[in-house]
Amino acid sequence: MRIDVATLFPEMCERVMSESIIGRARRRGHIEFCAHQIRDYTLNRQKQVDDYPYGGGHGMIMQAQPIYDCCQDVIRQVEQAGHARPHVVFLTAAGQPWNEEHCKRLATYDSLLLVCGHYEGIDERVIEALADEEISIGDYVLTGGELAALVVADSVFRLCPGVLSSPEGYEEESYYSGLLEYPQYSRPEEWNGRSVPPVLLSGHHENIAKWRKEQALERTRSRRPDLYREYQKKVNGENS
Ligand code: SAM
């Protein structure tokens, strides 16, 4: 899979996506990532990308033209590299809330183009012209779309083949099945007077699996009743 980002801060995105598991997966060729500078597509000598909002109000708005031209060029580059036309996602505070179901869905595309706003936002007309969808990473406002784009890229990439050592790496984790993950422990068996639950030391795989499922259900029920209700509906639907 390939993800491109259109941003005013490509170095910031490049840096984050060069580290750790994602950086290693890129170097091994399992995934591709490329950040593009929107400012390179301005038509004025000052390389200005923003202007005052029509109707007044404070702050500046990112203009449509540089974003549009940048995205069209990126789409051309991606297609020339042999990928499908990218699915275009604008990161906006007013977008659909990001969750694991969106991760799974976006991970099925061959290529994504994530577009980051800044200042007070983006001229609506370029969103109308280009966006296949808008995503928000939560009910709060960031200074720019870069952190949101990185959240989307990281959480989608980790579902791509070769990024984690095996699918169990994500299938058992929080949200994937609709439940929060059970508690995890590592060595030593006793730490600061706290012991590892004995069942995990028993070597009895069936009992361990049963305990983990119970813990995941209880954790989800007590911490996220909204998820728990959805999970119960899904399970009851499958069993009826
Ligand atoms: N005036 C906008 C509003 O009230 O919805 C907020 C603009 S924000 C300061 C600048 C940029 O940050 C946005 O264009 C968007 O790209 C990004 N952004 C802010 N909050 C976000 C969120 N929760 N999810 C995704 N992107 C966000």
What are the pairs with Cβ atoms under 8 angstrom where one residue, in the range 136-158, is in a helix (DSSP H, G or I) and the other, located anywhere, is open to solvent by 20 Å² or more (accessible area, probe 1.4 Å) and near the ligand (Cβ under 7 Å from one of its atoms)? Sequence gap at least six, or different chains.
LEU147/ILE137; ALA148/ILE137; ALA148/LEU142; VAL151/ILE137; VAL152/ILE137
Turns out the strands (runs of 3 or more DSSP E) fully within the range 14-126 with at least 2 residues that are among the polar types (S, T, N, Q) are 87-97
How many of the residues in the range 141-153 are closer than 20 Å to CYS103 by Cα and open to solvent by 70 Å² or more (accessible area, probe 1.4 Å)?
1
For the subset of the range 1-13 comprising residues that are in contact (Cβ under 8 Å) with a residue 60 or more places away in the chain and assigned to a helix (DSSP H, G or I), which member is least open to solvent (accessible area, probe 1.4 Å)?
CYS13
If we keep just the residues of the range 95-130 that are surrounded by fewer than 18 Cβ atoms within 10 Å (Cβ to Cβ) and more than 30 Å from VAL163 (Cβ to Cβ), which is nearest to the ligand (Cβ to nearest atom)?
GLU120
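Listed here are the residues, each with its yes/no results for (1) open to solvent by less than 40 Å² (accessible area, probe 1.4 Å); (2) closer than 12 Å to GLU120 by Cα; (3) within 16 Å of the ligand (Cβ to nearest atom).
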site: TYR52; (1), (2), (3): no, yes, yes
site: HIS58; (1), (2), (3): no, yes, yes
site: ALA64; (1), (2), (3): yes, no, yes
site: VAL74; (1), (2), (3): yes, no, no
site: LEU91; (1), (2), (3): yes, no, yes
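Within the range 203-226, take every residue that is among the basic types (Lys, Arg) and under 16 Å from TYR185 (Cα atoms) and give me the one that is most open to solvent (accessible area, probe 1.4 Å).
Restricting attention to the range 203-226, the residues satisfying the condition of being among the basic types (Lys, Arg) are 210, 212-213, 219, 221, 223-224.
After this cut, where a residue has to be under 16 Å from TYR185 (Cα atoms) as well, the list is 212-213, 219.
Values: ARG212: 75, LYS213: 96, ARG219: 68 Å².
Taking the candidates together, the pick is LYS213.
The values are calculated or read from the model by the stated rules, or taken from the named source; none is laboratory data. Quick caveat, the model's predicted, so the values are computed rather than measured. Backbone-built Cβ (ideal geometry, glycine too); neighbour counts: all protein chains shown. Protein only, heavy atoms only, side chains kept; ligands, DNA and RNA dropped before computing areas. Shrake-Rupley method; radii C 1.70, N 1.55, O 1.52, S 1.80 Å.
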